[in-house]
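The values are calculated or read from the model by the stated rules, or taken from the named source; none is laboratory data. Since the model is a prediction, treat every value here as computed from it, not as a measurement. In this analysis, Cβ positions are derived from the backbone assuming ideal geometry, glycine residues included, and neighbour counts consider all displayed protein chains.
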Amino acid sequence: MFGNLGATEIILILLVILIFFGARKIPELAQGLGKGLKEFRKAAREIQDDINEEKEKINEKPPEKKSEPAASEKTSSESDSTEKK
């Protein structure tokens, strides 16, 4: 979780945080951090659900076939322009 940090480094960091913020402020900071993580996880879950719903919609629909006129067929405007020449 902490990578290459040993126990001594973690204790030192916690001690600095305790001195910097004070004992009264740490529970408030932890509570705010917890709420922030909860909101982040909720948002990530909602995004993942939206992505999965869109994938299901795409997989349910059959691919639409587009009909294109054959190369030998001429449209009325093309035939009109060739007749005027």
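Numerical summary
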{"read-out": "Every residue from the stretch 1-10 that is surrounded by 10 or more Cβ atoms within 10 Å (Cβ to Cβ) and either outside any helix (DSSP H, G or I) or at pLDDT 90 or above (or both)", "value": "L5, E9"}
{"read-out": "Residue satisfying condition, being in contact with a helix residue (DSSP H, G or I) (Cβ under 8 Å, 6 or more places away or on another chain) and modelled with pLDDT under 95, within set I17, I13", "value": "I17"}
